[in-house]
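Here the structure is laid out as structure tokens; the discussion comes afterwards.
The values are calculated or read from the model by the stated rules, or taken from the named source; none is laboratory data. None of these values were measured; they are calculated from a predicted model. Neighbour counts are summed over all protein chains in view; Cβ atoms, including those assigned to glycine, are modelled from backbone coordinates with ideal geometry. Areas reflect the complete protein model, heavy atoms only, side chains present, ligands, DNA and RNA absent. Shrake-Rupley method; radii C 1.70, N 1.55, O 1.52, S 1.80 Å.
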Amino acid sequence: MAIASFQLAQDSEGKKRISLHGQWSLREMDNDFAQLRQALKPHFANQDLHWDLSEVEQLDTAGAAVLWNGWQGKLDNKTGLSEEQNHLFQTLGEINAQATEKPKSGFDPLTLIAAWGKLTIFLSSHITDFVRLTGLLVIELAYLIRRPQDFPWREFSANIYKSGVTALPVTALLGMMIGIAMSYLMATQLRTFGADIFIVNILGLAVIRELGPILMAVLVAGRSGSAMTAQIGVMRVTEEIDALAVMGISRILRVVLPKVLGLTFIAPMLVIWTSVWALLGGAFSANMELGLGFRFFFDYLATVVQPVNLTLSLIKGVMFGFVVAVVACHFGLRIKPNTESLSRSTTSSVVTAITCVILIDAVFAILTSGIGV
Amino acid sequence: MSRAICDIRKVWTVFGSNVVHENLDLTINAGEVVSLVGGSGSGKTTLLRHIVGLTRPSKGEVLLFGKNLHEMPRIPQQRLMNRLGMLFQQGALFSALSVFDNIAFPLRELRQFDEATIRQLVLHKLSLVEMEPDTGSRLPSQLSGGMIKRVALARALALEPELLLLDEPTAGLDPERSEKFVELIKDIKQALGLTVIFVTHDLDTLVSLSDRVAVLADKRIVANCTLQELEHIDHPFVQNFFQGIRVRLERTG
Ligand SMILES: Nc1ncnc2c1ncn2[C@@H]1O[C@H](COP(=O)(O)OP(=O)(O)OP(=O)(O)O)[C@@H](O)[C@H]1O
Ligand SMILES: [Mg+2]
């Protein structure tokens, strides 16, 4: 057993011949067909060369394919082929390995229109799916009103725990950090104007009305939204969703609805929780920088920030929670059963959810600009 | 020639409190087609996973080509792995890649062939397992169960391995395809010399393909012999099993 090699020789009549030796197979681990091909290249080009394969110890399809491609399918002036090798080359010859090359054309203005059309179809399919999903959710809710005993309590509470309770530490930490950072930056600015006390107004309004809900939404989209998409996606990949359907269980009722309701229910509470920690952080920073007492900070906060802001913040929480969950489920249900689609959809789910949340927030801010400020 | 290609020595496998293998010994010689039989859940798949080095037994060692995979440097280990092909029970095709790319994957990984050669080799493997060349563009999720098996087999064969491990290769194939599959393995074996370890519950395949049979029962190998010799082994599972294959043995002579 030896590695594949070749030898050039000249016979008595001055004709050049090349003889192959060794194991022309992948079995021999030291073979490197890339090198062999490179070394054989000039000889492949030489049409008059005589090839002798009688010394080949072993030839597998891989070795044969390399030779065959080098010879470009011509088997004349090859000698020493055994019966089996001949057969092998014949089988290879029967395979039509001509890659069907796509004709490459230059710039075609039609492709632009086609791309535009494809994009439109893609977007409209998303919109139809989304509308259908929301419709199905409404139908399931209506069904639940008639048959409340079918409410998926277990899944509902599991979702509250997963996306709400386990999110408490991270939302608290982030809220607090943001509060500290903002208050710290503002404190230095406000001090130059001697307007220290306004830190409470600014911070209170910003955190309660904007930052709290947005922070919560971003975090929840990253944590729970992606998890929901991936979970539904894997359930699709492994046909679990189909198994549910065969048992006569509505996948919307059992899989989607608990997620949507759970997150919608818990999101406003998470908003409050995040805001409280952001304000605590802000108060802490204000205390360090401006010497405002905690007691004073919160007393004053209550007088300058109207309670309606809290209502707005809760409404936002509900909306954001709903949007994140519905978007996550929407993308989850669109996943095709392969890993590539799974990762793409999970990414899209998070990006879309955050984008939607910010868009809604902007619209909401404009609509409610006259309230509570 | 009876070079041991795979040597399993005093292997114990324990999952939590579940002892799957207890002091299990098995030697497989080069050039043999060995079938591994045993009840469902007796640890056949687990044993195959030990052999290819996916898992490590709790105790004991598995030698492949005389070497312990887990104690090798990375490059030689990779090369050694290229000498074996495994067909997983569920196919384990890469779901994001088309059928063609699945089979081409190990070939491309070698970085020794140009695309034209790879194309030819892939189409050759596809024709071996009797798949139409135009199924190459489909994704695994668009295949039937039996087709997945065949593509997985084509992928396992892509590198012309010396040792082929097949986990229930004929489950999900129609009888005719099972027969063809047996022929295919025999052909490859004859052309290249191949060692095959396969797990099966399909007695026809077992009788027509295997040179030897290893019976896994009571957490160890209770028999490792030719089919005919099974008759003389005094173990309830083996006896029961032998009743099942007796008729088939007589039919083939
Ligand atoms: N990763 C694991 N963790 C815990 N237990 C496992 C694991 N893998 C396998 N087992 C257990 O090991 C035992 C053997 O499993 P294995 O898959 O090897 O069975 P098998 O012989 O291949 O069965 P079948 O014929 O049904 O495929 C089973 O009891 C199984 O529950
Ligand atoms: Mg198994």
Cα centre as origin, Lys/Arg/Asp/Glu Cβ charges: the stretch A:153-367 dipole, Debye: 380
Nearest-ten-degree value, helix A:294-304 long axis tilted from longest Cα axis of chain A: 80
Relative contact order computed over the stretch A:5-99 (Cα-Cα under 8 Å; 6+ residues apart), in percent: 28
Under 5 Å, built H, 5+ apart or other chain: amide partners of B:Cys6: B:Ile28, B:Phe65
Cα-based reach from A:Lys162 at 30 Å (exclusive), listing lysines while leaving out same-chain residues under 8 positions away: A:Lys259, A:Lys316, A:Lys336
Interface residues in the stretch B:64-103 - accessible area drops by 10 Å² or more relative to the isolated chain, probe 1.4 Å: B:Arg79, B:Arg83, B:Ser95, B:Ala96
Fraction of accessible area attributable to carbon and sulfur, the protein assembly as shown (%, probe 1.4 Å): 59
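Which whole-number value in Å² is the accessible area per residue of the stretch A:5-99, probe 1.4 Å? Kindly include the intermediate steps, with their values, before the conclusion.
On the way: 4990 Å² over 95 residues.
Per residue, the stretch A:5-99 has an accessible area of 53 Å².
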Gain upon complete extension [A:Thr238, A:Asn77; 0.36 nm per residue less C-alpha separation]: 52.5 nm
Euclidean distance between Cα centres, the stretch A:17-46 to the stretch A:295-340, Å: 66
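Could you give the dipole magnitude of the stretch A:5-99 about its Cα centre, charging the beta-carbon of Lys and Arg +1 and that of Asp and Glu -1, in debye to the nearest 20?
Values: 8 positive and 14 negative charges, 79 e Å.
Taking the Cα centre of the stretch A:5-99 as origin, the dipole is about 380 debye.
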Residues in the stretch B:9-40 reached by a label modelled at B:Arg248 [backbone nitrogen below 20 Å; 7 Å Cα→Cβ]: B:32-40
In order through the stretch A:272-283: 3J(HN,Hα) via Karplus (6.51 cos²θ - 1.76 cosθ + 1.60), integer Hz, x for Gly, Pro: 4, 4, 5, 4, 4, 5, 5, 5, 4, x, x, 5
GNM result for chain A, Cα springs below 10 Å: residue of A:Val170, A:Val305, A:Val56 fluctuating most strongly: A:Val56
Max mean-square fluctuation residue, GNM over chain A, Cα-Cα springs under 10 Å, options A:Gly194, A:Gly233, A:Gly70: A:Gly70
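Tell me the total accessible area that B and A bury against each other, 1.4 angstrom probe, in square angstrom rounded to 100. Let's see the in-between values first.
Details: alone 12590 and 21250 Å², together 31410 Å².
Interface area, both chains combined: 2400 Å², rounded to the nearest 100.
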Loop-exposed trypsin sites (Lys or Arg not before Pro) per DSSP, neighbour cap 16 Cβ within 10 angstrom, longest uninterrupted part of chain B: B:139-253
Nearest 10 degrees, 0 to 90: helix A:308-333 Cα axis against chain A principal axis: 20
Restraint check, A:Lys16/A:Lys74; B:Lys67/B:Lys125; B:Lys125/B:Lys189; A:Lys74/B:Lys189; A:Lys41/A:Lys78, Cα-Cα greater than 20 Å: B:Lys67/B:Lys125; A:Lys74/B:Lys189
Fluctuation leader among A:Gly212, A:Gly282, A:Gly73 - chain A, Gaussian network, Cα springs under 10 angstrom: A:Gly73
Separation between Cα centres of the stretch A:154-189 and the stretch B:59-83, rounded to whole Å: 49
Simple label model, 7 Å out from Cα along Cβ direction - B:Arg138 to A:Ala195, nm: 7.0
Nearest-ten-degree value, helix B:115-128 long axis tilted from longest Cα axis of chain B: 40
Solvent-accessible area lost in complex, 20 Å² minimum, residues of the stretch B:139-158 relative to chain alone, 1.4 Å: B:Ser141
Hz values of 3J(HN,Hα) by residue in the stretch A:152-157 - Karplus curve (6.51, -1.76, 1.60), Gly and Pro given as x: x, 4, 4, 5, 4, 6
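Relative contact order of chain A, please, whole-number percent, based on alpha carbon pairs below 8 angstrom and at least 6 residues apart. Mind showing how you got there, number by number?
Values: 459 pairs, mean separation 64.4, N = 373.
About 17 percent, as a whole number.
How much FRET efficiency would the formula 1/(1 + (r/R0)^6) give for A:Ala9 and B:Phe65, where r is the Cβ-Cβ distance and R0 is 41 Å, rounded to 0.05?
Values: r = 36 Å, r/R0 = 0.87.
Here the calculated transfer efficiency is 0.70.
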Inter-site label distance for B:Ala92 and A:Ala142 at 7 Å from Cα along Cβ, in nm: 5.0
Tensor-based shape of the stretch A:5-99 (alpha-carbon gyration tensor, a/c under 1.5 rounded, otherwise prolate or oblate): rounded
